[in-house]
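The values are calculated or read from the model by the stated rules, or taken from the named source; none is laboratory data. Source: prediction; values computed, not measured. Glycine gets a Cβ as well: all are built from the backbone with ideal geometry, and neighbour counts include every protein chain shown. Each accessible area value is taken on the protein alone, full model and side chains, heavy atoms only, with ligands, DNA and RNA left out. Shrake-Rupley method; radii C 1.70, N 1.55, O 1.52, S 1.80 Å.
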Amino acid sequence: RAPGGMGDGPEPCPQAPLAVLSKVELRVSCKHLLDRDTLNKSDPCVLLLMQSQGQWMEVDRSEVIKSNLNPVFAKIFTVDYYFEEVQKLRFEVYDSHGQAGVGTHDDDFLGGMECTVGQIVAQKRVTKPLFLKYGKFAGKSTITIISEEISGNNGYVELAFRAKKLDDKDLFSKSDPFLEIYRIDDDRSEQLVYRTEVVKNNLSPIWEPFKVSLNSLCSCEEKRKLRCVVWDYDSRGKHDFIGEFFTTFEEMQKAMGENKVQWDCMNPKYKIKKRNYKNSGVVVLLDLKIHRVYSFLDYIMGGCQIHFTVAIDFTASNGDPRNSCSLHYINPYQPNEYLKALVAVGEICQDYDSDKKFSALGFGARIPPKYEVSHDFAINFNPDNDECEGIQGVVESYQSCLPKIQLYGPTNVAPIISKVARVAADEERTKEASQYFILLILTDGVVTDMADTREAIVRASYLPMSIIIVGVGNADFTDMQILDGDDGVLRSPKGEPVLRDIVQFVPFREFKNVSGAATGSCL
């Protein structure tokens with residue numbers, strides 16, 4: 001995780017999050033599922049839950065596969081693997097009901113299985129029976145989990161396929177084609193990499209572009225063989241085989257730029273039986289884009305300069321600064337909670353900032369001269385240059401700013417994130433990528449613009465940027481824990497996941513009595 005490992009404290013504090021050893025991809029398939037439907041077979045979906053503080057939390061869920069008792073799910077679950085920690089997982093299989101989605105009623109439950117991440121990683125392939133409530137076997141149902149640790153190359157590839165003149169498998173209409181891509185492993189087993197959507201009634205479909213990690217696609221080996229299969233969709237689960245072709249990622253890369261690559265979609269049976277058989281259609285790779293995902297360490301080792309921005313919550317929920325109960329209390333004898341958090345974390349951060357200058361912003365206050373609410377104002381009141389000299393400069397600007405503003409609201413965090421992200425995006429467009437941006441947000445709790453904030457974080461995860469959120473006071477920090485994403489992958493309101501885990505939340509109350517160095521190791 002980007003902000004992880006800052007500081008050189010001799011001992012990490014006991015509450016510190018463990019360093020992520022690696023990320024693990026999990027592929028799921030089932031066999032002999034119970035048939036809950038009267039007319040058709042069950043429409044299974046898998047929910048992945050992880051135990052956190054004694055509670056089962058849903059991390060992610062697979063797609064729904066129609067009318068299939070032996071499903072192979074295209075969805076790949078990604079989890080952080082902490083070597084030192086027992087991470088309990090639970091897989092639950094449900095029969096989905098169309099628009100109503102995945103139910104959690106007993107009659108929709110097809111079975112569950114519990115294990116740990118460590119067990120799956122150690123065995124690489126785990127097959128276990130599914131159980132219903134009260135330890136009862138779900139018939140002969142089994143679930144298989146295949147794990148793969150993601151290598152250091154966290155790049156991904158974006159692919160856009162279409163087909164032309166596919167065989168027509170339907171009597172009264174045209175085929176409803178979809179494409180599956182399989183990676184062929186060293187033991188000759190096949191792993192499903194991706195399954196496209198179904199394009200109805202079309203022999204020359206154009207499928208939606210999609211993204212897959214290079215690790216999933218080819219284990220980061222360009223010459224690894226891939227098998228691509230085109231099917232005619234059948235609502236009862238009995239899909240008709242149209243044809244297949246074999247390729248490699250190396251061959252696919254010829255489609256970069258203006259070039260296109262195409263393959264004959266072949267049906268081996270037709271090739272033997274039909275004398276003049278040419279193909280069952282053609283599949284075309286319209287476009288291929290490769291994206292490398294850089295880690296925080298990549299940027300640092302590559303010589304990037306770190307630029308820090310501090311954002312301070314000036315909403316009314318913090319309390320009137322003239323009142324001793326306020327988190328912003330102006331006390332001439334000792335620092336308030338915000339100053340304690342700012343100094344404790346800021347002193348760690350400034351070690352990584354070459355020019356020791358911090359951009360210092362505020363949000364949620366009415367500011368002079370018109371006293372209109374602002375969600376991204378410079379606390380030195382100089383919009384042309386919001387930088388302060390070191391942490392002491394931020395402290396002085398904060399103390400000078402506080403008597404001049406009116407604490408107000410709402411607690412909108414997205415504007416600050418988007419502001420720093422714009423600067424990071426401009427930097428990335430220079431192609432030099434010489435700066436990495438870290439946004440330190442000090443806040444007392446509940447976020448008002450949660451949907452916009454999630455969207456802003458997903459966008460920022462594509463940039464050289466990380467976010468540290470420090471919770472000040474004793475408020476409810478549930479929103480912050482959601483943004484942190486430790487109990488599941490953070491997604492935008494439209495369902496798009498973050499590309500990188502860029503947010504780290506720290507409740508300051510747990511760390512304010514430890515040394516600054518220890519605080520750094522916790523971040």
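Summary of computed values
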| read-out | value |
| --- | --- |
| Zero-based 5 Å bins, Cα pair distances in region 156-291, whole percents | 2, 10, 19, 23, 20, 14, 8, 3, 0 |
| Tilt relative to the chain, helix 390-401 - C-alpha long axis, 0 to 90 degrees, to 10 | 70 |
| Projected label distance in nm at Glu190 and Cys325, using a 7 Å step from Cα toward the beta-carbon | 6.7 |
| Quotient of Cα Rg and 2.2 N^0.38 Å for region 304-511, N being how many residues it contains | 0.97 |
| Heavy-atom accessible area order for Asp240, Asp95, largest first, 1.4 Å probe | Asp240, Asp95 |
| At R0 = 25 Å, FRET efficiency that the Cβ-Cβ distance of Asp264 and Lys238 yields, to 0.05 | 0.50 |
| Fraction of the pair-distance distribution of the chain above 29 Å, Cα-Cα pairs, percent | 59 |
| Cα centroid of region 385-426 to Cα centroid of region 472-509, whole Å | 21 |
| Span per principal axis, largest first, for the Cα atoms of region 348-419 (Å) | 35, 25, 22 |
| Region 192-204 - phi-based ³J(HN,Hα) in whole Hz, Karplus 6.51/-1.76/1.60, Gly and Pro as x | 5, 9, 7, 10, 6, 6, 8, 9, 6, 6, 8, 8, 10 |
| Angle in degrees between helix 450-460 and the longest Cα principal axis of the chain, rounded to the nearest 10 | 80 |
| With all protein chains modelled, accessible area of Thr127 [1.4 Å, Å²] | 80 |
| Two-decimal log10 I(q)/I(0) for region 353-392, as the Debye equation yields it once each C-alpha is a single scatterer, q = 0.23, 0.31 Å⁻¹ | -0.73, -1.03 |
| Reduced Cα scattering model of region 152-199, Debye log10 I(q)/I(0), q = 0.23, 0.30 Å⁻¹ | -1.00, -1.16 |
| Distance histogram in 5 Å bins (all Cα pairs of region 301-382, percent per bin) | 3, 13, 19, 20, 20, 13, 7, 3, 2, 0 |
| Signed unit charges on C-beta, dipole axis of region 22-150, positive-most listed residue Val86, Gly135, Thr116 | Gly135 |
| Paramagnetic label zone (point 7 Å from Cα along Cα-to-C-beta, Phe381; backbone N under 13 Å) in region 394-417 | 397-406 |
| Of all accessible heavy-atom area on region 304-511, the percent that carbon and sulfur account for (1.4 Å) | 49 |
| ³J(HN,Hα), Karplus 6.51/-1.76/1.60, whole Hz, each residue of region 166-183, x for Gly, Pro | 6, 4, 8, 9, 9, 7, 9, 8, 8, 4, 10, x, 9, 10, 10, 10, 10, 9 |
| Pairwise FRET efficiency - Thr144 versus Ser22, Cβ, R0 = 22 Å, nearest 0.05 | 0.55 |
| FRET E, pair Gln55, Glu389, Förster distance 51 Å, beta-carbon r, rounded to 0.05 | 0.65 |
| Filtered GluC sites (Glu not before Pro), region 217-300: DSSP coil and at most 16 other beta carbons within 10 Å | Glu221, Glu222, Glu258 |
| Contact order normalised by residue count of region 326-456, Cα under 8 Å, 6+ apart, percent | 22 |
| Segment Lys274-Asp35, extension gain: residue separation times 0.36 nm, minus the distance between their alpha carbons | 82.1 nm |
| Surface accessible to a 1.4 Å probe, Trp207 within the full protein complex, Å² | 10 |
| Cα-centred dipole magnitude for the chain, charges only on beta-carbon of K, R (+1) and D, E (-1), debye, nearest 20 | 2360 |
| Accessible area (Å², 1.4 Å probe, nearest 10) - Thr78 | 60 |
| Over the chain: helical MRE at 222 nm, DSSP H runs n ≥ 4 each giving -39500 (n - 2.57), nearest 500 | -5000 deg cm²/dmol |
| Average accessible surface area per residue within the chain, 1.4 Å rolling probe, Å² | 49 |
| Apportionment of accessible area to carbon and sulfur, region 156-291, percent (1.4 Å) | 48 |
| Rg(Cα)/(2.2 N^0.38 Å) for region 22-150, N = residue count | 1.02 |
| Filtered trypsin sites (Lys or Arg not before Pro), region 279-384: DSSP coil and at most 11 other beta carbons within 10 Å | Arg292, Arg322, Lys370 |
| Trypsin sites (Lys or Arg not before Pro) within region 120-179, DSSP loop, no more than 15 other Cβ atoms inside 10 Å | Lys124, Lys136, Lys165 |
